[in-house]
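Student: The following block contains the structure, expressed as structure tokens.
A short reminder: the numbers here are calculations on the coordinates, not readings from a lab. Values in this document were obtained by computation on a predicted structure and should not be read as measured data. Cβ: placed from backbone, ideal geometry, glycine included. Neighbour counts: every protein chain shown.
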Amino acid sequence: MYLETVVAFLAIGFINAEVYLEEKFENDNWKNEWIYSKHPGKEFGKFVHSAGSFYNDVEADKGIQTSQDARFYALSKKVDGFSNDGKPLVVQFSVKHEQNIDCGGGYVKLFDCSLDQTDMHGESPYEIMFGPDICGPGTKKVHVILSYKGKNHLINKDIRCKDDVYTHFYTLIVKPDNTYEVLIDNEKVESGNLEDDWDFLAPKKIKDPNAKKPEDWDDRATIPDPDDKKPEDWEKPEHIPDPDATKPEDWDDEMDGEWEPPMVDNPDYKGEWQPKQLDNPNYKGSWEHPEINNPEYSPDSKIYLRKEICTLGFDLWQVKSGTIFDNVLITDDVELASNEAAAVKNTQAGEKKMKEQQDEEQRKKDEEISKNNGEKDEEDDDDEDEDSNDHKNEAEDNGHDEL
């Protein structure tokens, strides 16, 4: 009976699991389902359907690739509106920066149903922003930004993203118990509590505004020894004339001025004198400001809640194009997302194998070009020598004719 109950429970859970959006860009139908923004004042780039220049499976690995340098990109797809009330929310997609990106975004945004897709732009309000962002050596992070009461809040933790040229899966799981997980390639890289890791709520505790450190509070661990005196021979100059220096023989006092030896560090210099330190008998430790309950703190058991999600969009800027987005998934099924992301290891292995072959072929071509250029330079040098000898012989012949 127990086993039957478990099986029935799992079956119900499987049936109730929902997939709100799944996009693998398997054919050109995406062009009819995804909408480009026409927001004025922006020069938007276009996506192309491609697996890139190296891949594991040319058909299965096709996604949408940014194709123009120094462009904004704004493309979105609408889904039936849904809420994650009482359920996990899983946002997952793959990113491949095969252009070895120097500066550009690789994230997605989730919007509510008020978004006008043809007017989507960087200031459009969103519910969630998630994914990698790279710009120079200083910015290589995974953004996790959640909207709360109309304000965007960035996670307080620094999550490093992948910065190589291969495919990587990024997964965000927001749970109804106000916890979250961030995974890269199906491996957890960060997790915690929404209240702790974002500044959604006012702090539970604040420093007591009426408390002040007592005037007689001594927080000095040590004090100068009142009986310690500076030795009489302590004072020595930091620099002295070089005793080994001699006046140059060609030095002219009238022309060069009075000669002075250069200064060198004084080996007897002891620095600024300080008295010895003693343990302070009146030391009371470091004073800690007492805290009180914050009257402005108000708990919220539904920080996680997105009341309405209708659109997923790529709204980003790239200096150097070539990023491929694929395997987009929004669901409440954590296991489904995990199973799909598990394929990334095979994808990466195939990409690396193909790229290594391409790199080796290119290396051989470069060597051949370098070799040919070297032989050509030698031929040019020989030709120059022959021309030089011809001119020399011609000059000698002319000289004999004159004689």
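Student: Ranking MET120, MET263, MET354 by Cβ neighbours within 10 Å, fewest first, what do you get? Provide the component values of the computation, followed by the final result.
Tutor: On the way: MET120 24, MET263 13, MET354 16.
If I rank by nearby Cβ atoms, fewest first, I get MET263, MET354, MET120.
Student: Additional query: With the contact rule set at Cα under 8 Å and sequence spacing of 6 or more, what percent relative contact order holds for the chain?
Tutor: 28 percent
Student: Cα-based Rg of the stretch 139-265 per 2.2 N^0.38 Å, rounded to two decimals? Please list the in-between numbers first.
Tutor: Details: Rg = 33.1 Å, N = 127, 2.2 N^0.38 = 13.9 Å.
The reported ratio for this selection is 2.39.
Student: Among VAL334, VAL58, rank each residue by its count of other Cβ atoms within 10 Å, from fewest to most, as a rough exposure measure.
Tutor: Working: VAL334 18, VAL58 11.
With the sparsest Cβ surroundings first, the list reads VAL58, VAL334.
Student: Among the listed pairs LYS162/LYS320; LYS42/LYS320; LYS151/LYS307; LYS77/LYS141; LYS31/LYS151, which have their C-alpha atoms separated by more than 23 angstrom in this model? All intermediate terms of the calculation are to be shown ahead of the outcome.
Tutor: Details: LYS162/LYS320 17 Å; LYS42/LYS320 17 Å; LYS151/LYS307 15 Å; LYS77/LYS141 25 Å; LYS31/LYS151 32 Å.
Result: LYS77/LYS141; LYS31/LYS151 exceed 23 Å.
Student: If you don't mind, another one. Would you indicate which of [x] 0.93; [y] 1.09; [z] 1.67 is the value of Cα Rg over 2.2 N^0.38 Å derived from the coordinates of this structure?
Tutor: From the options [x] 0.93; [y] 1.09; [z] 1.67, the structure gives [z].
Student: Could I ask something else about it? Let me check I've understood the local charge: for LYS307, count other residues with C-beta under 14 angstrom from its C-beta, Lys and Arg +1, Asp and Glu -1. What total comes out?
Tutor: Numbers: positive: LYS87, LYS149, LYS302, ARG306; negative: ASP85, ASP112, GLU127, ASP300, GLU308.
Charge balance near LYS307 sits at -1.
Student: So how strong a dipole does the chain carry about its Cα centre when Lys and Arg Cβ are +1 and Asp and Glu Cβ are -1, to the nearest 20 debye? All intermediate terms of the calculation are to be shown ahead of the outcome.
Tutor: Working: 48 positive and 97 negative charges, 1132 e Å.
Once rounded to the nearest 20, the dipole reads 5440 debye.
Student: Using a 4.7 Å cut-off between beta carbons, which cysteines in the chain end up with no partner cysteine at all?
Tutor: CYS161
Student: On to the next question. Could you check which residue among ALA341, ALA60, ALA221 shows the biggest mean-square fluctuation in a GNM of the chain with a 10 Å Cα cutoff?
Tutor: Sorting by GNM fluctuation, first place goes to ALA221.
Student: Moving on. Based solely on its DSSP helices, what 222 nm [θ] is calculated for the chain when runs of n ≥ 4 H residues each add -39,500 (n - 2.57) and the sum is averaged over all residues, nearest 500 deg cm²/dmol? Intermediate results must be reported in sequence, preceding the final value.
Tutor: Numbers: 6 runs with 94 residues, N = 403.
So the calculated ellipticity at 222 nm is -7500 deg cm²/dmol.
Student: Something else: Among THR323, THR246, which comes first, then next, by fewest other beta-carbon atoms within 10 Å?
Tutor: Working: THR323 27, THR246 9.
Lowest count first: THR246, THR323.
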